[in-house]
Every structure is written in structure tokens, then in C-alpha cells.
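What follows is a set of notes on a single structure, which appears directly below.
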Amino acid sequence: MRLFSFFLLVLLYIGISVIIYQQPVNPDTWYHIRAGEAYLHYGILHKDIFSYVAQGRPWFPQEWLFEVILYEVVHIFGLSIISIFTIVCTLIQLSILYIFIYKFFHLQRIYAICILFFYAAWDMEFFVARPYLLATSYFILTILFIFLFLKTQKKLWLFFSIPITLLWANMHASVVFAVYLYLSYAVLYLFKKNLPIAYALSITGVINFLLTILPPINFSQYQLLYLFSGYSKITTYFPEWMPVYELFPQFSVYLISLFFICIPLFFFLPKKRSEIIVFLPLSIFLLLPFLAVRNIFFTHIVMVIIAAWILKQLEPFYRRIWFTVIFIGIFIAHSWLLYQKSSISIIYPKNAVIFLQHHFIKGRMFNTFTSGSYLMYSLYPKYKVFIDLRTEVYACCELPAYQNLEKKSTEPYNLYKKDVIDYFNKYNFSFALVDYHFENYTALVGKTLENEPQWALIYFDDVSEIFVKRNGFNDKIIKQFEVKAATPYSNTPYRKGQEELALQEYQRMVTIVDSAKSENAIGLISLQKRQSTIAEKYFRKALLLNPTFVPPYLNLAAIDIQQKNYEQAKVLYEDVLRIDPTSPQPYIYLGEILAEVDHDLPSARDIWSRGVQNIQDKNAQTKLQLLLNQ
């Protein structure tokens with residue numbers, strides 16, 4: 001049994017490692033690397049140096065130690081080490097948690113491993129190269145030291161808190177939880193009239209507090225928490241800062257997990273009151289997600305600890321059918337949850353960054369909030385960013401206006417276009433790197449700049465565009481690279497009557513950076529010239545560059561229909577529906593093939609009905625409804 005358990009644990013570690021290794025670098029990680037480099041070169045900074053709008057503004061170096069470590073690791077081994085670094089930190093955390101629940105609660109290995117699996121399923125998205133990855137390990141160790149002290153009454157366990165809190169204090173603001181834990185347990189044992197234990201815990205709590213305010217961070221952690229409490233309207237704009245009840249999937253999982261934790265506790269309360277009361281100071285962590293969903297990983301650790309105790313009490317029921325059924329059901333649900341979290345797509349504007357590195361553009365750059373950290377890492381000091389993911393730096397000033405610009409994107413376009421121009425004039429941007437992967441409103445920003453005479457498009461690829469303002473700063477680069485006829489992010493890839501010029505511009509852009517958009521546009525212009533064979537070659541190349549780009553599939557399907565190759569057209573339309581179930585054309589044309597070529601009207605009606613349910617385009621919905629009614 002021991003060998004089998006060891007095999008399961010290794011298998012779990014391998015599975016988690018593979019998932020982490022396949023994940024892209026988290027957006028926050030980029031600024032952590034750049035900040036670590038700055039600390040090593042300039043010392044601990046308390047003023048911003050990375051943004052031209054926030055230059056000299058207070059910046060709290062509360063994570064400086066993690067950032068220095070991360071920078072050194074990346075500097076020595078390269079960017080590819082980030083995944084390995086994350087895997088090592090994650091497995092250390094999981095090992096600490098496993099030892100805690102297995103050794104302290106004397107839980108059977110198989111159940112300890114299962115609980116560890118549940119925890120991994122809950123928190124997979126948090127296993128990234130950010131400071132809280134280590135902070136959660138310190139959190140687990142702090143609870144473990146307290147529990148071991150309460151069990152053995154050996155003060156040695158409390159002394160171990162000193163190096164842990166010292167590291168934690170220089171890595172993450174959650175170090176305040178260490179102070180809370182020691183002092184809350186001191187109060188608990190004061191009420192229990194166990195004065196020696198209460199005294200030892202209170203002294204440890206005071207020492208831990210003093211450790212959190214030592215130089216170089218001083219009171220930074222507490223100042224930061226106070227700052228965020230005053231910017232609640234801004235922080236709730238970002239998903240990880242929202243209360244958990246505003247995010248339905250997370251709230252559902254949270255409530256179900258809470259149910260399976262609380263019900264057994266109430267069941268055991270009459271007979272196990274003295275044991276359950278030990279969890280009382282931890283109960284506040286069960287409510288932390290109501291402040292911000294980003295706190296939920298601390299909640300999950302507490303849930304795991306309580307779940308381990310509950311499973312130990314349920315040991316007499318391990319062989320009961322109902323217990324086995326419930327446990328297997330929970331295991332299957334968490335397997336599905338882990339699968340859902342195992343694939344994350346993040347695409348950074350890498351090629352646009354290379355272009356900016358090779359061609360210096362003068363003046364202030366507009367960039368999106370989410371991509372700002374990647375640009376800080378990639379372009380500083382040659383360029384300074386407008387905004388990035390350091391919420392505390394911009395919450396006072398830029399973030400409210402930025403948030404307002406995104407909120408207004410639901411307005412009629414004629415009104416929103418004026419909002420965009422006013423916003424760009426307010427900050428006096430000279431050029432804009434508009435990326436389309438992270439934030440939906442940027443499509444309207446790009447559309448506005450594309451049709452604004454004061455702005456010139458000089459670069460585009462599959463995820464971004466670069467626009468330059470005609471303000472006299474960058475006339476040379478506009479003359480060299482301006483795109484006048486091509487409209488890569490519009491429904492029609494060129495301006496009316498300018499196909500030939502657009503073709504030349506797409507061909508020129510391919511020599512700068514090849515993209516699915518350019519290849520598809522060249523293919524479409526070739527198709528309009530009745531050059532089907534040439535067009536097909538470009539469409540297939542577009543799919544090689546970006547297999548999730550829908551237009552080449554639709555264009556290839558159009559060629560197949562023209563050549564009466566209906567089976568291949570059906571396959572292409574089905575591919576589109578797998579990639580984007582909201583795309584209207586496949587429902588219309590696939591249904592028509594089924595009805596008119598295959599004479600399978602029931603299947604055609606089924607496709608059209610699915611289309612009515614899935615698509616948002618009102619005109620397409622009307623057309624599908626007409627097809628259903630005919």
C-alpha cells in the first residue's frame with residue numbers, strides 16, 4: 001500500500017508539473033522580473049521609474065525579495081527556467097501541505113494524496129511565478145508551527161516562525177496573516193485560561209509584527225493594504241479583485257466546497273468541541289473570498305486542513321458504500337475542474353515589440369493595462385509604458401479613466417469614437433500599441449484610430465497593431481511604413497476600390513512579419529481575381545500560422561463549394577464551429593449543404609436551431625429563423 005501511495009503521489013506531481021510547464025508566462029511575472037533587475041541595479045526603490053505618467057510616484061517594494069530571486073534565476077538560466085522555477089516552488093508547497101495533513105492528522109496516505117489533488121484542482125491557476133506562490137507556503141508552515149506548538153507545547157516550533165516571517169514580510173503583503181494567526185490563537189487560549197500558551201503565542205505575534213516593519217520595507221505592507229481599502233471601486237474592476245459572489249463559476253465551486261467542510265463540522269461539534277475550537281481562528285479565512293477572489297488560495301489551504309481532520313474522524317466509515325460513492329463523485333468533479341483549468345491561452349505582442357525595438361518611435365506610447373507588464377519587461381528603458389499591472393501605482397490617477405474608457409465601449413460607436421479621441425488627446429499619446437488578445441474594448445480603439453486622419457497605421461500582425469500620430473515627431477517612420485489601403489482588423493481587409501494598393505501593403509507587411517491576417521487577405525484578393533489555386537495556397541498558409549483564425553476556413557470552404565467538393569466544405573464549417581461556436585456563416589452554409597445537397601432537412605434544421613441559440617448577430621439570427629420557417 002505504501003508503494004502504491006508513493007506511485008500515486010509521484011503521478012500527481014508529474015501531472016501538475018506537465019500542466020504548469022505547458023502554461024504561458026503569467027502577465028504579472030514580467031514586471032516582477034524587471035523590478036528585480038531594478039532593485040539589484042539601483043537599490044530598493046520607493047518611487048516609480050517604469051511609466052512616464054507615474055514617474056516619481058510612490059511605489060511599494062513589498063515583493064522585492066521574490067523579484068530579485070526571480071530576476072537572478074532568469075538572468076542565469078534564461079526565460080525557459082520560469083516554468084521550472086514555478087514547478088519547483090509548487091511541488092515544495094504541495095509537499096509541505098502533504099506532510100502537514102498526513103503526519104499531523106495521521107491520515108491514511110491515499111486520502112492525504114486525494115486531498116492534495118483536490119487542492120491542486122482548486123488552485124491550479126494560482127501556480128504561477130508570482131510572490132503569493134511562496135507566500136502560501138509560508139502560510140501553511142505558520143499554521144503547522146502553531147499546531148505543533150499547541151500539540152507538543154515546545155516553544156522551539158514558535159522560534160521557527162522568525163525566519164519564515166522575515167522571508168514572507170519581504171515577499172508579500174499577506175504576511176499580516178502571520179501576525180493575525182499568532183495573536184488570534186493567543187486570544188483563544190487566553191479565553192481558555194491557558195495563560196502559558198497564550199503568553200508564548202502573544203510574544204511570538206509581537207515579534208512577528210516587528211519583523212514585518214523592518215527595513216527595507218518598513219510599513220510598506222500595511223500602507224499597501226490601507227491604500228487598496230481606499231480604492232475598492234477600482235480594484236473591483238479587475239476579476240481577481242472582485243468578490244467571489246460576482247464570479248459565478250468560482251462562487252459555485254466555493255459554495256460546494258464550503259458545504260462539504262461546514263456540514264461535517266456541525267455534525268461532529270457536540271462530541272469534538274475541544275478539537276474543533278482549534279479551527280476557530282482559521283474560520284475567518286473561509287470568508288476572505290467575499291473581499292476579493294484572489295484571497296481564495298488562503299481559503300483553500302484552510303479548507304484542506306479542516307478536510308484532513310474531517311476525513312480522520314470519518315475513518316470508521318471508509319468501507320461504507322455511501323462514503324465511497326460520495327468520495328468518488330468528489331474525485332470525478334475535481335478531475336473535471338482540473339481539466340478545465342489545464343489549458344490557458346495568453347498571446348503577447350512579441351512581434352510588435354521586435355518592431356519597436358528595431359524602429360524607435362518618439363513620444364508617449366499608449367498600451368493596454370494587461371500587456372503593460374510584458375512591454376515593461378521587453379522595452380524598458382528604451383520605452384516607458386503608459387500603464388501596467390501594478391494596480392497600486394495607477395489606482396489614484398490613470399486607472400479610473402482607463403476603466404471608464406472600457407466601460408463606455410458599450411455605447412453607440414459614434415459616441416464612443418469621441419471618447420477614444422478625447423482620451424488620447426488627454427494623455428497626448430504619440431503612438432499606440434493596440435493589442436487585441438487581452439481586452440475586448442481595444443477592437444473599437446483600433447477601429448477609431450484606423451479611420452482617424454490624424455493617425456497612421458504602420459504595423460499589424462495577428463494580435464496587435466501600431467498606430468502613429470501625425471504630430472511631426474515621427475514623419476520619417478510614417479512615410480516608410482504607413483498602411484493606407486489595408487484594413488486587417490475590419491470585416492473587409494481593404495478600403496473600397498483600393499485592392500491593388502492593399503495587396504502591395506499586405507505583401508510588404510509579410511516581409512516585416514508574416515501573419516495569418518496578411519496571408520488570408522492576399523488569398524482573398526487573389527480569389528476575387530478568380531485565381532483559386534493561388535488563393536488556396538495563401539489560405540492554407542494562414543492556417544499554418546494561426547490554426548484558430550476563422551476566415552481562412554470560411555474562404556477554403558467557399559472554394560470547395562465552388563468546386564462542388566461539399567464533403568470537404570462540411571468538414572471546414574465544422575472546424576469553424578469547434579473554434580468559434582458564435583460564428584454565423586457555418587450554421588447558414590452547413591445547413592444549406594445538408595438541406596440542398598444531402599437532402600437531410602432534419603439535420604439542417606438542427607444546425608440552424610443551434611445557430612439561433614449560439615450567435616449574437618441579429619441579422620444572421622433573422623436569416624436562420626427564415627431558413628427554419630421555410
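The values are calculated or read from the model by the stated rules, or taken from the named source; none is laboratory data. Note that the structure is a prediction, hence the values are computed from the model and not measured. So basically every Cβ, Gly included, is an ideal-geometry build from the backbone, and we count neighbours across all protein chains shown. For accessibility, only protein heavy atoms count, side chains too; no ligands or nucleic acids. Shrake-Rupley method; radii C 1.70, N 1.55, O 1.52, S 1.80 Å.
Quick notes
- Distance histogram for the stretch 198-290 (every C-alpha pair counted, 5 angstrom bins, percent rounded to whole numbers): 2, 10, 12, 14, 15, 15, 15, 12, 4, 1
- If you take the alpha carbon atoms of the stretch 291-435 and fit the smallest convex hull around them, that volume is 187 Å³ per residue.
- Of the listed residues 429, 248, the order by accessible area with a 1.4 Å probe, largest first, is 248, 429.
- Dipole-positive endmost among 276, 260, 337 within the stretch 248-405 (Cβ charges, Cα centre): 337
- Backbone geometry of the stretch 556-567 corresponds, through the Karplus equation with coefficients 6.51, -1.76 and 1.60 at θ = phi - 60°, to 3J(HN,Hα) couplings of 5, 5, 4, 5, 5, 5, 4, 8, 6, 9, 5, 5 Hz, x marking Gly and Pro.
- Label-reachable residues, the stretch 277-293, where backbone N falls under 17 Å from a point 7 Å from residue 255's Cα toward its Cβ: 287-291, 293
- FRET efficiency estimate (nearest 0.05) - Cβ-Cβ, residue 79 to residue 532, R0 56 angstrom: 0.85
- Here residue 331 sits with roughly 80 square angstrom of accessible surface, probe radius 1.4 Å.
- Of the accessible area of the chain, computed with a 1.4 Å probe over protein heavy atoms only, carbon and sulfur atoms account for 62 percent.
- Correct choice for semi-axes √(5λ) of the Cα gyration tensor in Å that was computed from the model, options (i) 51, 34, 21; (ii) 71, 28, 23; (iii) 50, 30, 21: (i)
- For residue 129, residues with placed amide H under 5 Å, excluding near neighbours: 26
- Each of 122, 380, 455 was placed along the dipole of the chain (beta-carbon charges, centred on the mean Cα), and the one lying farthest toward the positive end is 122.
- Where the chain is the region considered: accessible area per residue in Å², 1.4 Å probe: 47 Å²
- FRET efficiency, 1/(1 + (r/R0)^6) with R0 25 Å, evaluated for residue 207 and residue 280 via beta carbons: 0.65
- Amide H contacts under 5 Å for residue 487: 494, 495, restricted to partners 5 or more places along the chain or on a different chain, H placed in the peptide plane at 1.01 Å from N.
- Principal axes of the stretch 1-40: Cα extent on each, largest first, Å: 51, 21, 9
- Each residue of the stretch 53-59 was assigned a 3J(HN,Hα) from its phi angle through the Karplus expression (A = 6.51, B = -1.76, C = 1.60, θ = phi - 60°), giving 7, 9, 3, x, 6, x, 9 Hz with x at Gly and Pro.
- Distance between modelled label sites at residue 291 and residue 324, nm, 7 Å Cα→Cβ extension: 4.4 nm
- Under 12 Å, Cβ to Cβ, from residue 401 - net charge with Lys/Arg +1 and Asp/Glu -1: -1
- Total formal charge among the other residues, if their Cβ is under 13 angstrom from that of residue 145, Lys/Arg +1 and Asp/Glu -1: +3
- Positive-pole candidate from 428, 328, 83, dipole of the chain, charges at beta carbon: 328
- Between helix 413-426 and the chain: long-axis angle, C-alpha atoms, 0 to 90°, nearest 10: 70 degrees
- For the stretch 286-297, 3J(HN,Hα) per residue [Karplus equation, 6.51 cos²θ - 1.76 cosθ + 1.60, θ = phi - 60°, Hz, x = Gly/Pro]: 5, 9, 4, x, 6, 7, 6, 5, 5, 7, 5, 5
- Length-normalised contact order for the stretch 206-345 - Cα pairs under 8 Å, 6+ apart - percent: 20 percent
- Database remark: amide H of residue 364 closer than 5 angstrom to the amide H of 430, 431 (H placed geometrically; neighbours at sequence offset of 5 or more, or on other chains; Pro and chain starts carry no H).
- Equivalent ellipsoid of the stretch 15-71: semi-axes from √(5λ) of the C-alpha gyration tensor, largest first, are 27, 13, 8 Å.
- Entry note: the stretch 453-549 has Rg to Rh equal to 1.00, where both radii use alpha-carbon atoms and Rh is the Kirkwood radius.
- Set of lysines near residue 154 by C-alpha distance (under 26 Å), chain-local residues within fewer than 8 positions excluded: 103, 192, 193, 272, 312
- Helix 64-77 axis, angle to the chain major axis (alpha carbon atoms, nearest 10°): 60 degrees
- At 1.306 mPa s and 10 °C, Stokes diffusion of the stretch 394-458 via Kirkwood alpha-carbon radius, µm² per second: 128 µm²/s
- Largest accessible area first, the listed residues 468, 10 line up as 10, 468 when surface is computed with a 1.4 Å probe on the assembled protein chains.
- Share antiparallel - DSSP beta bridges, the chain, percent rounded to 5: 75 percent
- In this view, the solvent-accessible surface of residue 617, computed with a 1.4 Å probe and all protein chains in place, comes to about 70 Å².
- Relative contact order (percent, whole number), the chain, Cα cutoff 8 Å, 6+ residue spacing: 10 percent
- Taking the inverse of the mean 1/r over every pair of distinct Cα atoms in the stretch 1-114 gives a Kirkwood hydrodynamic radius of 16.7 Å.
- Magnitude of the charge dipole, the chain, Cβ model with Lys/Arg +1 and Asp/Glu -1, debye to 20: 1660 debye
- Site pair residue 630 and residue 22 shows an inter-label distance of 4.3 nm when each label is modelled 7 Å from Cα along Cα→Cβ.
- Against the chain, whose longest principal axis comes from its Cα atoms, helix 220-230 is set at around 60 degrees.
- Linear extension gain, residue 403 paired with residue 110, 0.36 nm per residue minus alpha-carbon span: 100.7 nm
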